Amino acid sequence: MANVLEQGGGLRSAVRTLNTRYHKAGLAFYLFIVVAHWAEHVAQAVQIWVLGWSLPEARGVLGVPFPWLVTSEWMHYGYALIMLVGLVLLLPGFTGRARTWWKISLGVQVWHHLEHLLLLLQALSGANLAGRAAPTSIIQLLVPRVELHLFYNALVFAPMVVAMYLHRRPSATERAAMRCACATVPERRPVAEAA
């Protein structure tokens, strides 16, 4: 990727290379980041609803040794931004049905990102939405933060998984439009009728 930028190809060339030669690797790396974050939310949910920990104690896996991670709006916003950028950068590699599902995930992440931006702005300004004691997102006025962000991550993750599944198993038309080598299932060929 660095070679593409050094050769004067610029960002467009780097994105093209990511979505052709390195699309499969890019998706694997992105999925690793997403699953690691998702695991943190699931661990926090288990700590609260299975182990009976209080909200301040339930900080996920990394939050236990590093409590500032859970309370840092910068960290939460940064992850939301990484998710958004990853979805945008990897979108050109998708075709057909997989592209539709990836766009659904992207749409949900746009909203999720805006909610985190709102939380960050409140943390920076000290002025919280609706006079709340802590930064509060719009939907958080109705749903508690832990449950809301667990739900948001599920809403982003589910269509992303569908998109990746369909991308690896394209129809003949989708396969013809693909510029990457992500498809794993060989194209089905009609079986000759028995004589």
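The values are calculated or read from the model by the stated rules, or taken from the named source; none is laboratory data. Given the structure is predicted, the values throughout are model-derived calculations rather than measurements. Cβ placement follows ideal geometry from the backbone for every residue including glycine, while neighbour counts extend to all protein chains displayed. Note: areas computed on protein heavy atoms with side chains; ligands, DNA, RNA excluded. Shrake-Rupley method; radii C 1.70, N 1.55, O 1.52, S 1.80 Å.
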- Arg59 fails exactly one of the following numbered conditions: (1) open to solvent by 40 Å² or more (accessible area, probe 1.4 Å); (2) under 15 Å from the mean Cα position of the chain (by Cα); (3) farther than 16 Å from Pro159 by Cα. What is the number of that condition? (2)
- Just for region 4-21: of the residues that are open to solvent by 30 Å² or more (accessible area, probe 1.4 Å) and farther than 18 Å from Arg99 by Cβ, which one is modelled with the lowest pLDDT? Leu5
- Query: Of everything in region 136-168 that's among the charged types (D, E, K, R) and at pLDDT below 95, which residue is surrounded by the most Cβ atoms within 10 Å (Cβ to Cβ)?
  - Reply: Arg145
- Pick from region 169-195 the residues that are exposed (fewer than 13 other Cβ atoms within 10 Å of the Cβ) and among the basic types (Lys, Arg): which of them is modelled with the lowest pLDDT? Arg188
- Query: Hey, which of the helices (runs of 4 or more DSSP H) in region 57-131, taking only ones fully inside, have at least 2 residues that are in contact (Cβ under 8 Å) with a residue 60 or more places away in the chain and not small (Gly, Ala, Ser)?
  - Reply: 73-90, 96-125
- Message: Looking at region 167-186, can you tell me whether even one residue there is closer than 29 Å to Glu73 by Cα and either in a helix (DSSP H, G or I) or in contact with a Gly (Cβ under 8 Å, 6 or more places away or on another chain) (or both)?
- Response: no
